[in-house]
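One structure below.
None of the figures in this text is laboratory data; all of them are computed from the coordinates on show. Quick caveat: nothing in here was measured; it's all calculated off a predicted structure.
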Amino acid sequence: MTSAEPLTRKRFPRLSSTAFEHPADRQALEALRRIPGLDKIVKKMIELGWERFMRIENLGSAVHVSPKQCPKIYKLFKEACEILDVPEPDLFLASNPFVNAYTFGCDRPFIVLQSGLVDLLDEKELQSVMGHELGHVKAGHVLYRSLALLILTVLYQVLPISPLVTMAMRVALMDWYRKSELTADRAELLVTQDLQVCLNVHMKLAAGSKTVFQQMDTQEFLRQADSYDDLDHSTLNKFYKLMKETQLTHPLPVYRSREIKNWSESKQFQEIMAGHYPTNDQEVTVRSCPHCGSKISPSFFFCPDCGKNSRV
């Protein structure tokens with residue numbers, strides 16, 4: 001991780017997650033909640049204390065970041081929390097060469113950055129990943145994301161649930177899990193307030209090498225998303241893409257890059273940066289968009305879903 005000059009970035013006091021929530025995230029979560037037996041799984045997860053177990057594991061084997069422990073990383077983390085107006089979760093650095101970060105828990109969520117990720121990114125890029133994980137906390141993703149991680153590992157083995165129900169839960173969970181990443185990517189951009197930093201992260205995640213990254217071109221990387229879409233001319237290609245994507249925990253890097261670039265150019269993002277965004281105290285007074293019917297905050301001039309003037 002290389003050094004970066006400190007920047008003064010805009011803060012978003014009382015920011016509501018509805019300001020940056022991706023429509024696909026919302027729709028997939030609504031579908032997820034209709035899955036039979038999900039409430040039973042959630043209840044059992046809480047009863048078994050998996051959050052406590054994971055916290056104990058990280059306190060014993062990872063580094064707990066604080067003002068006195070890894071202070072440079074803590075300073076970046078604290079600033080990201082202030083920008084998004086999120087109470088500081090615990091932050092851990094774990095020894096793991098796999099390039100990854102994750103958020104776990106519901107009562108007291110915590111964030112884990114793995115060493116492979118920290119070594120790959122510079123400070124601005126690392127802070128953007130922190131913003132991404134804080135976006136999951138801000139948007140209330142942590143309960144279902146923690147559940148998804150447990151279903152993929154051990155929880156389905158200890159509950160008397162039929163394989164068909166387990167598979168239905170897995171498919172629905174992973175579909176939402178991927179789409180929730182698009183919301184968190186938007187939080188990442190709100191923290192960095194620099195599109196290129198976000199794109200750099202996705203390119204490094206795709207290439208996995210600092211050396212290769214020096215030779216990469218952003219526009220060529222974005223064009224890969226168009227090339228990937230062009231594969232849909234073949235039904236067999238569509239089938240292969242579906243089989244591949246349903247196994248993933250994250251959307252493809254080229255797709256995420258294009259999505260965040262498009263959002264950076266949207267009226268929704270521009271309004272947030274101008275200080276016009278829904279706040280937590282406004283959530284009770286949402287109204288309907290006159291064009292598409294989506295529920296939006298009174299502070300939005302343009303609908304986040306359809307992009308049309310909501311005050312017509």
List, in order, the whole-Hz ³J(HN,Hα) value for each residue of the range 105-114 obtained from phi through the Karplus relation with A = 6.51, B = -1.76, C = 1.60 and θ = phi - 60°; use x for Gly and Pro.
x, 9, 6, 9, x, 9, 10, 10, 9, 8
Whichever aspartates and glutamates have a C-alpha closer than 12 Å to that of K238, once near sequence neighbours (fewer than 8 apart) are set aside:
D229, D230
Residue by residue through the range 227-239, which ³J(HN,Hα) values in whole Hz follow from phi under the Karplus form 6.51 cos²θ - 1.76 cosθ + 1.60 (θ = phi - 60°), with glycine and proline marked x?
5, 5, 5, 5, 5, 5, 5, 10, 4, 5, 4, 4, 4
Around D90, which amide H atoms from residues at least 5 apart in sequence, or from another chain, sit under 5 Å from its own amide H, with H modelled in the peptide plane?
I111
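Suppose the chain between Q247 and M273 were pulled fully straight at 0.36 nm per residue; how much longer would it get relative to their current alpha carbon spacing?
That works out to 5.8 nm of additional length.
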A correct Karplus calculation of ³J(HN,Hα) over the range 88-93, with 6.51 cos²θ - 1.76 cosθ + 1.60, θ = phi - 60°, whole Hz and x for Gly and Pro, returns 5, x, 5, 10, 10, 10
Which entries of K75/K204; K78/K138; K10/K204; K124/K244; K78/K267 have Cα-Cα distances beyond 21 Å here?
K75/K204; K10/K204; K124/K244; K78/K267
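Cα convex hull of the range 17-214: how many Å³ per residue?
Spread over its residues, the Cα hull of the range 17-214 gives 122 Å³ apiece.
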